[in-house]
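Just so you know, all these numbers are worked out from the coordinates, no wet-lab data involved. Here the structure is a predicted model, which means the values were calculated and not measured. So basically every Cβ, Gly included, is an ideal-geometry build from the backbone, and we count neighbours across all protein chains shown.
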Number of protein chains: 2
Amino acid sequence: MNEMLRLHRRHFLVGAGGTAIVGATGVSVPIAPAIAEDNDVAELPDYADWKDPTALIRYTGLTLETRRDAIGTGVVTPLDVFFIRNNLNPPGEAAVADPDAWEVEIEGVAEPRTLTVGELKRIGMDTVATIVQCSGNGRGFFDHEASGSPWLTGAAGCAVWTGVPVRDVVEELGGVVDAARFMTSTGGEEIPEEVERDEVIVERSVPLEAMENAILAWEMNGEPVPLAHGGPLRMVVPGYYGINNVKYVRRVAFTEAESTANIQVSGYRVRPVGESGAPDQPSMWEMKVKSWVTHPIMNNATGRVQIYGVAFGGTNPVERVDVSIDGGQTWEEARIIGPDLGRYAWRLFVLPAELEAGDYTITSRATDSEGNVQEETTEPNHRAYDYAGWDRLAVNVTVS
Amino acid sequence: MNEMLRLHRRHFLVGAGGTAIVGATGVSVPIAPAIAEDNDVAELPDYADWKDPTALIRYTGLTLETRRDAIGTGVVTPLDVFFIRNNLNPPGEAAVADPDAWEVEIEGVAEPRTLTVGELKRIGMDTVATIVQCSGNGRGFFDHEASGSPWLTGAAGCAVWTGVPVRDVVEELGGVVDAARFMTSTGGEEIPEEVERDEVIVERSVPLEAMENAILAWEMNGEPVPLAHGGPLRMVVPGYYGINNVKYVRRVAFTEAESTANIQVSGYRVRPVGESGAPDQPSMWEMKVKSWVTHPIMNNATGRVQIYGVAFGGTNPVERVDVSIDGGQTWEEARIIGPDLGRYAWRLFVLPAELEAGDYTITSRATDSEGNVQEETTEPNHRAYDYAGWDRLAVNVTVS
């Protein structure tokens, strides 16, 4: 826990909730409890072997987190550092060998049909930038034990998706049935025969209104969607937590009721610690306002530094970011920089600061266009979903 | 020249100025004269061996073009398909091993200094999206013989750069000297001893005003700038042709006169065919309004298709794109889609069209915010720079 990691390659490592010691001879950081120095999994899984291993914290073959400092400042998160969280094993590589042949059933419309990706490409096209964030991003900042990977900041990325607007597909098929209240998407992962479908299937319902901005995407950051990210076809629901962005989507149904899959009925529900999941608890749908510093310092000496990070408002644009170098006692407004990719993307922020030798607790606080301010702390919840408090998202830095 | 290439992997190949035959069994396209089916160079050069070879036309080890259909629709061109045009061999890999140690001399300011990239990172930070386009992009569309690679559409890409604004560096060093009229950047490539410096050195001057938007960039698309794209440090001059975006930048000088390097004095000048280059001819500085279709069709049958491509205004935002499927006799306004990354980035456009069996000449025409309209054809010039005519940027398609 107090071991030091030397700066390596291009990544300036920062402790999360830990202490970064910045000395004259280089940059050393201790490993926060939630980050194992040796990754839990030695190798990248086959389906993600093209990723940059130095940028990823590897919990399991299905859960790989982007290191806090590896997110870059290009607004769009590069594919080779983008996090992965799969609920089931992905389909085989054959699924992406001929992407246009992949089929998706559309149900709950006037004229239900099975369409190939090739056919979808003829119906319409749009491009949208969205943050994909795992519901459990930040789990490692909670004190209580909760199942799932102890994600810190890096189960989130901002991607540009191209596909057909779901509303165009619906229009092509005569509109949704009158009773429809939800859009339910089903993943194409293989389910072992001995397992009950609803127990494990990745099937998520979102309110019908979410359809307005949703796209069935075949491209991510200008490349065909990789298998690791749900290719050949992924349901993208801008502003909604990652789980609703169903990978390998095989079926989209406009339904009167929510899915009966466990992942919908009891999973991904915000509930008091110790309580069981149930349909009357809030579902992990829309994301909330959040920000964090990614690089608190740029060098190993005292003087001027540039503090920067990412901020977003969930389904609202982010309007303002404040930064504190004293753990939230005083704040200064940061400058929002770089291209604005739209309300569902994150913004970069930067604040120059003059740092003398000493200890600093650097953190950030975002405000969205509706006046929602990032919370100071996040109350415990059973599954430890979405820690967004600026208190523990802070980074402690010692400049010497 | 009439050989057919089968559709392979993810890339739908289109002939450029040639004829694409679209049949019931798949997509076949003839190879336009300027595209060799076998690339002139079999292998990617070492410094670019991480690129996607199927996305690139390889002329020489220093000139690799992005295939027209491989550009993607994510606005930001992925690094692994981004074109390369180097005037000299890049420095060795050692240059990017420790990017923060790279040094750049700043001259023509009140307090001239040599700064490391590590020091630059403390001075300031901004992120900007720009198109990088080689002056010779489109050379292959001209009829006359001209030296240089016969680029078609793919010596261009749109990237997001992060670095320090040049104006912040200048301010830090007390401002530019009074006499300064140009910003002159010098590349760090090695020059053989027996060669006269000015004969080959990559040194470019741009008007001083260009400094306002320029950045010294250490990051491209969220990754440290790769050696192939000018890392560890590149001068980025938004809206200006690629040559002015000097790679491996070693020196930035604010000068009274333009550089005496051949590349400035006589090179990159627009001049009548047969005439020698001279300083009184227009230099390849600001880019002009341009667009092209990247995917004229999405499938191999008649019916509705989505025609899409990219459009930009050089230093002005693009405001409108029209598409013609009859070689410019009639036009229909396309929809501009996707995130707007700012005035120096390109925009995506899309137009749905109903195509019956028959022959089509599909092209696009962009208009910028100042009312400048993409030209119908580009007059020959000695070095065959910047073909931007919508006539030859068209793609002929036969739907059967």
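Report, for B:Asp280, each distance to the same residue's label point in the other copies, shortest first and in nm; define the point 7 Å along Cα→Cβ.
Ordered by distance, the counterparts are at 8.8 nm.
Quick one: length gained pulling A:Ala278 to A:Thr302 fully straight, 0.36 nm per residue minus the C-alpha distance? Before the final figure, lay out the partial values.
Numbers: separation 24, 0.36 × 24 = 8.64 nm, distance 5.23 nm.
Stretched fully, the A:Ala278-A:Thr302 segment lengthens by 3.4 nm.
Which distances, shortest first and in nm, link B:Thr330 to the matching position in the other copies, using label points set 7 Å out along Cα to C-beta?
Label-point separations across copies, in nm and ascending: 6.9.
Compute the label-point distances linking A:Glu212 to its equivalents in the other copies; points lie 7 Å from Cα along Cα→Cβ; give nm, one decimal, shortest first.
Copy-to-copy label distances for A:Glu212: 3.9 nm.
Using Cα pairs closer than 8 Å and at least 6 residues apart in sequence, work out the relative contact order for region A:84-265, in percent. Working shown, then result.
Details: 427 pairs, mean separation 52.3, N = 182.
Rounded, it is 29 percent for region A:84-265.
A:Arg251's amide H: which non-local residues (gap 5+, or another chain) put their own amide H closer than 5 Å, with H modeled 1.01 Å from N in plane and none for Pro or chain starts?
A:Glu105, A:Thr186
Hey, any idea what the orientation-averaged projected area of the convex hull of region B:125-284's Cα atoms comes to, in nm²? Let's see the in-between values first.
On the way: hull surface 40.8 nm².
Mean projected area for region B:125-284: 10.2 nm², to one decimal.
Where both partners of a DSSP beta bridge lie in the protein assembly as shown, what percent of those bridges are antiparallel, to the nearest 5? Numbers along the way, then the final one.
Numbers: 162 of 178 bridges.
Looking only at bridges with both residues in the protein assembly as shown, the antiparallel portion is about 90 percent.
How many angstrom lie between the C-alpha centres of region A:223-286 and region B:308-350?
That distance is 36 Å.
Closest approach to the A-B rotation axis by any Cβ of A: residue and distance in angstrom?
Nearest residue, distance rounded to whole Å: A:Val76, 3.
Could you tell me which of A:Asn89, A:Leu115, A:Ala179 has its Cα farthest along the dipole of region A:84-265 towards the positive end, charges placed at Cβ (Lys, Arg +1; Asp, Glu -1), taken about the Cα centre?
The one lying farthest along the dipole's positive direction is A:Asn89.
Using a simple charge model, +1 on the beta-carbon of Lys and Arg, -1 on the beta-carbon of Asp and Glu, nothing else, what dipole does chain B show about its Cα centre, in debye to the nearest 20?
Numbers: 32 positive and 59 negative charges, 206 e Å.
I would put it at about 980 debye.
Can you tell me what percent of all Cα-Cα pairs in region B:255-325 are more than 19 Å apart? Numbers along the way, then the final one.
Details: 1464 of 2485 pairs.
Across region B:255-325, Cα pairs with separations above 19 Å total 59 percent.
Taking 0.36 nm per residue of sequence separation and subtracting the Cα-Cα distance, how much length would be gained by fully extending the chain between B:Glu196 and B:Leu208, in nm to one decimal?
Working: separation 12, 0.36 × 12 = 4.32 nm, distance 2.70 nm.
Between B:Glu196 and B:Leu208, full extension yields an extra 1.6 nm.
Can you give me the Cα centroid spacing of region A:75-145 and region B:91-120 in angstrom?
Region A:75-145 and region B:91-120 have Cα centres separated by 42 Å.
Are there GluC sites (Glu not before Pro) in region B:152-238 that DSSP marks as loop and that have at most 16 other Cβ atoms within 10 Å, and which are they?
On the way: sites: B:Glu171, B:Glu172, B:Glu189, B:Glu190, B:Glu193, B:Glu194, B:Glu196, B:Glu199, B:Glu203, B:Glu209, B:Glu212, B:Glu219; in loops: B:Glu189, B:Glu190, B:Glu193, B:Glu194, B:Glu196.
Those satisfying the criteria are B:Glu190, B:Glu193, B:Glu194, B:Glu196.
How about region A:259-343: which trypsin sites (Lys or Arg not before Pro) there lie in a loop by DSSP and see at most 13 other Cβ atoms within 10 Å?
Working: sites: A:Arg269, A:Lys288, A:Lys290, A:Arg304, A:Arg320, A:Arg335, A:Arg343; in loops: A:Lys288, A:Arg343.
Filter output for region A:259-343: empty list.
Calculate for chain B the 222 nm mean residue ellipticity that helices alone would give, adding -39,500 (n - 2.57) per DSSP H run of length 4 or more and normalising by residue count, nearest 500 deg cm²/dmol.
Details: 5 runs with 26 residues, N = 400.
Result for chain B, helices only: -1500 deg cm²/dmol.
In peptide A:69-78, what is the residue-averaged number of other protein chain Cβ atoms found within 10 Å of each Cβ? Show your work: numbers first, answer last.
Working: counts 0, 2, 1, 9, 10, 12, 9, 10, 2, 7.
Taking the mean over all residues of the peptide, I get 6.
Count the lysine pairs in the protein assembly as shown whose Cα atoms sit under 30 Å apart, keeping only pairs 8 or more residues apart in sequence or on different chains.
Qualifying lysine pairs in the protein assembly as shown: 21.
Dipole size in debye (nearest 20) for region B:84-265 around its Cα centre, Lys and Arg Cβ +1, Asp and Glu Cβ -1?
520
Quick check: from the Cα gyration tensor, does the protein assembly as shown come out rounded (a/c under 1.5), prolate or oblate? Numbers along the way, then the final one.
On the way: a/c = 1.95, a/b = 1.12, b/c = 1.74.
Note, shape of the protein assembly as shown comes out oblate.
Rounded to the nearest 5, what % of DSSP beta bridges with both residues in region A:84-265 are antiparallel?
Details: 34 of 37 bridges.
Of those bridges, close to 90 percent are antiparallel.
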